[in-house]
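This report concerns only the one structure given below.
The numbers here are math on the coordinates, done by the rules we state, and not lab data. Every value quoted in this text rests on a predicted model; they were computed, and no experiment measured them. Reconstructed Cβ throughout: ideal geometry from the backbone, glycine too, with neighbour counts over all protein chains shown.
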Amino acid sequence: MRNMYDAIVLGLGGMGSATVYQLARRGQRVLGIERFTPGNDRGSSHGQSRIIRKSYFEDPAYVPLLLRAYELWHQLERESGQQLLRPTGGLMIGSPTSQLLQGSMRSAREHNLPHEILDASEIQRRYPVLTPAPHEIALYETDAGVLQPEACIHAHLTQAAAHGAELHYEEPVLQWEANGEGMLVTTASGSYHAARLVITAGSWLPELMAGLGLPLHVERRVMYWFTPQGDAAPFNPSHFPIYIWEVDDGHTFYGFPDMGGLPAGVKVALHSIPDDICTPETLDRSMRPAEIARMRTYLTGRIPALSQGAFVAGLACMYTLTPDGHFIISAHPQHPAAILSATCSGHGFKFASVIGEILADLALNGATPHPIGLFAPTRFTTGR
């Protein structure tokens with residue numbers, strides 16, 4: 001039949017690009033459909049940099065997936081001939097009893113991950129632009145670093161095409177349905193059939209899955225770039241790490257070295273403070289003076305060179321969140337040939353390489369050897 005594929009992937013951001021790559025590598029006739037251009041800034045996988053780390057405070061169950069994610073990112077680097085992951089080391093900073101420190105130490109110890117515990121004076125000795133409070137400590141992890149999200153997506157898509165994937169851009173999906181021949185996808189440009197369907201639509205997932213009642217909501221989040229006051233050299237990635245900082249009010253912010261490129265400056269963001277509930281259509285992409293001032297408030301007294309520096313740029317993105325902050329990965333309850341992935345909740349991009357492998361496993365085999373029990377959507381209906 002014309003327009004018949006082994007698999008169709010809806011959405012080619014971080015997760016979808018990795019999935020179409022994995023399916024194509026396995027010899028599948030695969031179609032990837034994206035409503036925008038490749039590596040676009042309309043969703044949740046843009047903004048120059050994403051943190052990758054192993055001492056995962058969210059849950060030790062993520063660590064095996066992270067170890068495989070690192071392997072797959074390095075594999076993609078070899079295949080593409082690009083550096084996509086830059087090791088910088090990483091600091092998890094907060095009080096000894098904070099969720100960030102307690103969770104990071106638990107993951108590091110359970111999985112025997114190399115790490116150090118630094119007191120406030122040692123943090124400042126190594127990184128003089130950081131001024132933690134006397135009671136704050138840090139877990140330092142050598143293997144943490146920075147992924148370049150746009151470059152990662154382009155590399156996955158380029159390699160997918162090299163393995164025979166058909167990729168359609170600027171083609172919004174209107175609907176999908178199961179029929180006697182498998183799955184039927186209708187877009188603004190035509191209709192396509194496949195034996196299997198993988199839906200990696202990010203913040204568009206609540207709309208595409210409205211009938212399932214998945215407990216997803218979308219929040220607006222902003223990334224900020226500041227020019228350091230004074231010397232910018234201390235923020236060079238050759239000797240400045242990524243960091244996540246939980247402050248005494250329980251909120252966290254995070255940041256990066258100066259990665260160069262555009263936007264220029266040093267990137268920081270708030271992780272745990274929502275801006276607005278939104279949809280992709282209602283997302284406000286403008287920058288508000290009050291939120292820039294709020295970001296400065298969290299930097300004040302902690303990273304003075306940034307709190308006193310000039311605001312350069314801001315970019316809005318979207319978090320697609322579950323109630324517990326963990327992912328959803330599952331076959332559709334009524335249509336097992338359709339696989340659903342809601343794999344962000346604000347911390348997903350680092351997993352994209354391994355999520356692509358998992359989704360390809362599920363689409364082709366109905367199961368995966370990776371530990372994904374934590375991500376079953378039944379936990380919201382059965383308590384498990």
Problem - Two-decimal Rg to Rh for the stretch 248-384 - Kirkwood Rh, Cα set - result: 1.05
Exercise for the section: Would you calculate the separation in nanometres between label points at ARG285 and SER272, each defined as 7 Å from the Cα along the Cα-to-beta-carbon direction? Expected result: 3.1 nm
Problem - Theoretical ellipticity at 222 nm over the chain - DSSP helices of four or more residues, -39500 (n - 2.57) apiece, nearest 500 - result: -7500 deg cm²/dmol
Completion exercise
Helix 99-110: inclination vs the chain longest Cα principal axis, degrees, rounded to 10, gives 70 degrees
Practice task
May I ask for the distance between the Cα centers of the stretch 203-227 and the stretch 27-87, given as a whole number of Å?
Solution key: 19 Å
Exercise for the section: Please state, as a whole number in µm²/s, the translational diffusion coefficient that the Stokes-Einstein equation yields for the stretch 29-129 at 25 °C and 0.890 mPa s, with Rh defined as the Kirkwood radius across alpha carbon pairs. Expected result: 149 µm²/s
Problem - Whole-number D in µm²/s for the stretch 273-346 (Stokes-Einstein; Kirkwood sum over Cα pairs; 20 °C, 1.002 mPa s) - result: 138 µm²/s
Handout entry: Along each principal axis, Cα extent of the stretch 171-220, largest first, Å
Key = 36, 22, 15
Practice task
With a Förster radius of 22 Å, plug the Cβ-Cβ distance of ALA367 and SER191 into 1/(1 + (r/R0)^6) and report the FRET value to the nearest 0.05.
Solution key: 0.15
Problem - Contour excess over end-to-end distance, with Cα ends at GLU207 and TYR169 and 0.36 nm allotted per residue - result: 11.7 nm
Practice task
Would you mind telling me the antiparallel percentage of the DSSP bridges in the chain, rounded to 5?
Solution key: 75 percent
Exercise for the section: Whole Å is fine, so just give me how far the alpha carbon centre of the stretch 141-155 lies from that of the stretch 346-384. Expected result: 21 Å
Completion exercise
The farthest towards the positive end of the charge dipole of the chain, of the residues ALA133, PHE311, GLY348, given +1 on Cβ of Lys and Arg and -1 on Cβ of Asp and Glu, is GLY348
Handout entry: Environment charge at SER238 (Cβ cut-off 11 Å; Lys +1, Arg +1, Asp -1, Glu -1)
Key = 0
Practice task
Work out how much length THR300 to ALA264 would gain on full extension: take 0.36 nm times their residue separation and subtract the Cα-Cα distance, in nm to one decimal.
Solution key: 10.9 nm
Completion exercise
Neighbour-count ranking for LEU184, LEU100 (other C-beta within 10 angstrom, fewest to most) reads LEU184, LEU100
Exercise for the section: Once you've got the GNM for the chain with C-alpha springs shorter than 10 Å, pick whichever of ASP231, ASP258, ASP143 has the biggest mean-square fluctuation. Expected result: ASP231
Practice task
Output the Kirkwood hydrodynamic radius of the chain, Cα pairs only, in Å rounded to one decimal.
Solution key: 21.4 Å
Handout entry: Full-extension gain in nm, ASN236 to ARG126, via 0.36 nm per residue minus C-alpha separation
Key = 38.3 nm
